[in-house]
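To keep things clear, I will list the structure first and then write my remarks on it.
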Amino acid sequence: MHARGASLEVSSLKIPRIPRPEIGSISLSAIVALYLLLATNNSFWAHASVYFVHARTSLLAFAAALYLALFAILTPLSVKYLMKPALVILILVSATAAYFADTFGIIIDRDMIGNAAVTTQAEASHLLTFSLARHLLVYAVLPSILIVWVRVRHRRFLPKAAVNFAFVSVSLLVGAGLIYANFATVAYALREHTDLMKRFNPSGPLIATVRYGLSTYRERNLVVRPLGTDAHQGARVAAAGKPVVVVVVAGETARAMNFSLNGYERETNPELKALGVVNYRNTTSCGTATAVSLPCMFSVYPRSQYSDWKARSTENLVNVLTHAGVSVSWWDNNTGSKGIADLISFASQTGRKNSPLCNNGECLDEILLSDLDRKLGAAISNSVIVLHQLGSHGPSYYLRYPAAFRRFTPDCRTPELMRCSTAELVNAYDNTILYTDHILASVARLLEKHQDRIAGAMIYMSDHGESLGENGLYLHGAPYVIAPKEQTQVPFIAWFSEPYQAAMGVDAGCLAKDADKPKSHDNLFHTVLGMMDVETRVYNRDLDAFAACTRPANKEHQPAPGYHAAQNGEPESSAGGPQEARWAPGVL
């Protein structure tokens with residue numbers, strides 16, 4: 001009985017309930033605005049303190065105005081059943097963006113949203129780290145739990161609308177007054193440093209997402225305009241006596257300054273050096289992320305005229321080659337061709353199973369070589385083969401090379417770059433360059449192996465570079481206007497077999513002497529057309545990197561004169577309507 005009574009006594013105990021605190025909707029909006037301003041904008045304030053270094057009073061006024069603007073935006077959201085979900089979403093967005101900005105120094109702009117939208121599961125998994133989870137727990141999950149937990153007092157609709165209107169009006173008026181009183185300084189800082197407001201959370205990533213969504217919506221009914229339909233192969237390639245095969249290697253995240261061919265103190269290009277390749281030491285990219293640079297590389301538009309819309313609405317290099325009767329194929333060991341290869345033969349290597357070169361949806365770049373050997377051995381027609389590398393893609397650099405190329409140690413063995421020293425990070429990255437050196441040299445040797453039956457050449461360009469902690473920046477994707485040279489200076493290398501040089505009139509010695517002249521992604525389109533002796537009105541000899549060192553054929557092709565561009569850079573016909581582009585030397 002005693003035991004039973006004790007049981008009843010225990011079961012009758014009541015656990016005291018913790019009372020849920022109450023807070024007014026205006027007060028909660030004010031607190032969340034302050035939290036977003038201070039807790040999720042470290043990168044923003046770090047840059048603002050530099051940009052306003054000689055105007056601290058203006059910086060304080062700017063900060064107060066931003067707080068009042070945030071408060072004015074959140075207050076209208078303080079509607080029952082809407083307020084809590086809206087605040088939780090804003091905190092999640094801000095905390096996530098803050099992690100990548102604070103950890104890697106990146107800006108979440110439209111291009112970065114585009115990169116995220118097209119990334120693969122394997123690529124994204126390298127960014128889903130314990131550090132990210134811990135950051136989100138502290139800066140997003142816990143504050144969100146508090147918001148969900150508290151009781152929010154709401155007025156009736158009409159009184160609430162009146163009070164909200166009063167608070168919003170006063171906040172905007174005071175904020176505008178602060179900006180007006182410091183207008184010259186604030187306007188100068190924002191005009192000279194256009195990146196600043198892109199860094200502000202949550203508005204920066206939200207605006208970028210909306211811009212990306214609008215551009216995607218705009219492209220729903222996009223019609224691709226033909227380009228180079230007059231293209232045909234010239235007399236030189238017809239007289240070659242054997243198939244002419246050019247391998248275009250589209251590199252990934254390789255920066256020029258870590259190539260020993262460009263003077264880097266470490267020997268990262270021993271195999272290419274031994275082959276005597278042509279190396280251009282001063283080459284700039286079109287963008288700082290694959291989603292921009294890769295389409296731009298294969299586009300007829302130079303960087304000064306390029307836009308994503310133009311690239312998607314106009315055929316590109318591979319299409320012009322196809323019009324000329326060249327067999328074109330794209331082999332991808334990355335995240336796809338970004339629409340470039342939609343109309344040609346495309347093969348992804350990343351889906352291979354049971355290969356020692358592949359793991360978790362990613363493969364080492366050697367996966368491209370065995371098929372290339374077979375392809376070259378069976379070539380019967382003039383061909384261009386595009387190899388899209390995984391290259392040096394971060395942050396998991398250590399997964400981009402096999403153990404045999406782990407030459408520079410200790411190397412960073414984690415995607416959480418902050419846990420590695422600068423030396424370990426550079427060692428891992430340099431190993432990726434050493435492996436790329438091996439891949440490129442292997443491509444050249446395969447072309448040489450089959451030179452008794454083909455006239456082969458290779459051209460290599462990386463899509464963009466990479467930051468390895470310089471000035472607090474990591475990875476890539478910085479807005480081009482503020483991007484450092486680490487992200488915009490890329491390697492550009494070419495190799496020509498003896499049969500190719502003889503058949504196509506290329507003087508490799510002459511090209512080597514030309515190696516210090518500036519080059520860019522603008523050159524790739526016209527250089528590859530020249531390499532295949534494709535004659536078309538869209539070919540611009542001035543942008544063909546090899547033209548000056550190519551001996552003239554008996555009847556050298558002369559591009560059609562006359563090019564008239566609309567003010568927006570779109571090609572126009574003589575009648576003013578959108579037609580196939582007509583390009584002339586020196587215009588682009």
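The values are calculated or read from the model by the stated rules, or taken from the named source; none is laboratory data. Computed from a predicted model, the values in this text were never measured in an experiment. No Cβ is skipped: glycine too gets one built from the backbone with ideal geometry, and neighbour counts run over all protein chains shown.
Of all residue pairs spaced 6 or more apart or on separate chains, those with beta-carbon atoms under 8 Å, a first member in region 221-247 that is part of a helix (DSSP H, G or I) and a second member that is among the small types (Gly, Ala, Ser) are Ala235/Ala553; Arg236/Ala503; Arg236/Gly505; Arg236/Ala553; Val237/Ala503. Just to verify a result, which residue in region 436-468, among those that are out of contact with any strand residue (DSSP E or B) (no Cβ under 8 Å at 6 or more places or on another chain) and under 22 Å from Glu267 (Cα atoms), is surrounded by the fewest Cβ atoms within 10 Å (Cβ to Cβ)? For region 436-468, the residue satisfying everything is Arg445. Residues that are of a type in the set (Asp, Glu), at pLDDT 95 or above and farther than 27 Å from Ser442 by Cα do not occur anywhere in region 292-309.
Yes or no: Gln451 under 30 Å from Thr194 (Cβ atoms) and either within 19 Å of the chain's Cα centre (by Cα) or part of a loop (DSSP other than H, G, I, E, B) (or both)? Criteria not met by Gln451. Could you check, for region 104-115, whether at least one of its residues is under 30 Å from Gly24 (Cβ atoms), in contact with a strand residue (DSSP E or B) (Cβ under 9 Å, 6 or more places away or on another chain) and not assigned by TED's automatic domain parsing to the domain that holds Asp332? No: region 104-115 contains no residue that is under 30 Å from Gly24 (Cβ atoms), in contact with a strand residue (DSSP E or B) (Cβ under 9 Å, 6 or more places away or on another chain) and not assigned by TED's automatic domain parsing to the domain that holds Asp332. Of Ala189, Ala184, which residue is touching a residue at least 12 places away in the same chain (Cβ under 8 Å) and farther than 18 Å from Pro76 by Cα? Just one listed residue meets the conditions, Ala189. Picking from residues in region 392-403 that are out of contact with any Phe, Trp or Tyr (no Cβ under 9 Å at 6 or more places or on another chain) and either of a type outside the set (Phe, Trp, Tyr) or at pLDDT below 95 (or both), the one that is farthest from Ala122 (Cα to Cα) is Ala403. Among the residues of region 71-94, the ones that are of a type in the set (A, V, I, L, M) and either more than 17 Å from Val163 (Cα to Cα) or outside the structural domain of Trp149 (by TED's automatic domain parsing) (or both) come to 9 in all. Take the conditions buried (at least 21 other Cβ atoms within 10 Å of the Cβ), farther than 19 Å from Thr253 by Cβ and of a type outside the set (D, E, K, R) and apply them to Ile385. Does it pass? In short, yes. If only residues of region 29-61 that are more than 24 Å from Tyr139 (Cα to Cα) and touching a residue at least 12 places away in the same chain (Cβ under 8 Å) are counted, the one that is surrounded by the most Cβ atoms within 10 Å (Cβ to Cβ) is Phe52. Working carefully through the options Asn201, Asn164, Asn182, find the one that is crowded, with 17+ Cβ neighbours inside 10 Å and farther than 29 Å from Ser49 by Cβ. On inspection, the qualifying residue turns out to be Asn164. Restricting attention to region 251-275, the residues that are assigned to a loop (DSSP other than H, G, I, E, B), surrounded by fewer than 23 Cβ atoms within 10 Å (Cβ to Cβ) and in contact (Cβ under 8 Å) with a residue 24 or more places away in the chain add up to 1.
Scanning region 461-496 for residues that are free of Cβ contacts under 8 Å to residues at least 40 places away in the same chain and among the acidic types (Asp, Glu) returns a single hit, Glu470. Selection over region 341-368 of residues that are out of contact with any strand residue (DSSP E or B) (no Cβ under 7 Å at 6 or more places or on another chain), of a type in the set (A, V, I, L, M, F, W, C) and crowded, with 17+ Cβ neighbours inside 10 Å gives a count of 3. The residues listed here are Val223, Val245, Val237; of these, the one that is modelled with pLDDT under 90 and β-branched (Val, Ile, Thr) is Val223. So, of the residues in region 185-198 that are not acidic (Asp, Glu) and not in a helix (DSSP H, G or I), which turns out to be surrounded by the fewest Cβ atoms within 10 Å (Cβ to Cβ)? The residue in question is Thr194. Within region 490-541, the set of residues being more than 16 Å from Tyr460 (Cα to Cα) and of a type in the set (Val, Ile, Thr) comprises Val506, Val534, Thr536, Val538.
Taking Leu511 as the residue in question, decide whether it is surrounded by fewer than 22 Cβ atoms within 10 Å (Cβ to Cβ), touching a residue at least 24 places away in the same chain (Cβ under 8 Å) and assigned by TED's automatic domain parsing to the domain that holds Ser260. Criteria met by Leu511.
Annotation: of all residues in region 88-124 being in contact with a Gly (Cβ under 8 Å, 6 or more places away or on another chain) and at pLDDT 80 or above, the one that is surrounded by the fewest Cβ atoms within 10 Å (Cβ to Cβ) is Gly105.
Out of all the residues in region 334-351, is one or more touching a residue at least 40 places away in the same chain (Cβ under 8 Å) and either part of a strand (DSSP E or B) or not assigned by TED's automatic domain parsing to the domain that holds Met531 (or both)?
The answer is no; no qualifying residue exists.
The helices (runs of 4 or more DSSP H) falling completely within region 72-181 that include 1 or more residues that are of a type outside the set (A, V, I, L, M, F, W, C), over 30 Å from Gly361 (Cα atoms) and in contact (Cβ under 8 Å) with a residue 12 or more places away in the chain map to 83-104, 142-149, 157-181. If you go through region 377-414 and keep only what is of a type in the set (A, V, I, L, M, F, W, C) and touching a Leu at 6+ places or on another chain (Cβ under 6 Å), you end up with Val384, Leu387, Phe405, Cys412. Take the conditions out of contact with any helix residue (DSSP H, G or I) (no Cβ under 9 Å at 6 or more places or on another chain) and among the basic types (Lys, Arg) and apply them to Arg220. Does it pass? For Arg220, the condition - out of contact with any helix residue (DSSP H, G or I) (no Cβ under 9 Å at 6 or more places or on another chain) and among the basic types (Lys, Arg) - is met. Quick check on region 367-380. Is at least one of its residues in contact (Cβ under 8 Å) with a residue 12 or more places away in the chain, among the small types (Gly, Ala, Ser) and in a loop (DSSP other than H, G, I, E, B)? Yes, region 367-380 contains a residue that is in contact (Cβ under 8 Å) with a residue 12 or more places away in the chain, among the small types (Gly, Ala, Ser) and in a loop (DSSP other than H, G, I, E, B).
Within region 388-431, the residues that satisfy the criterion of being surrounded by 21 or more Cβ atoms within 10 Å (Cβ to Cβ) and of a type in the set (Asp, Glu) are Asp411, Asp430.
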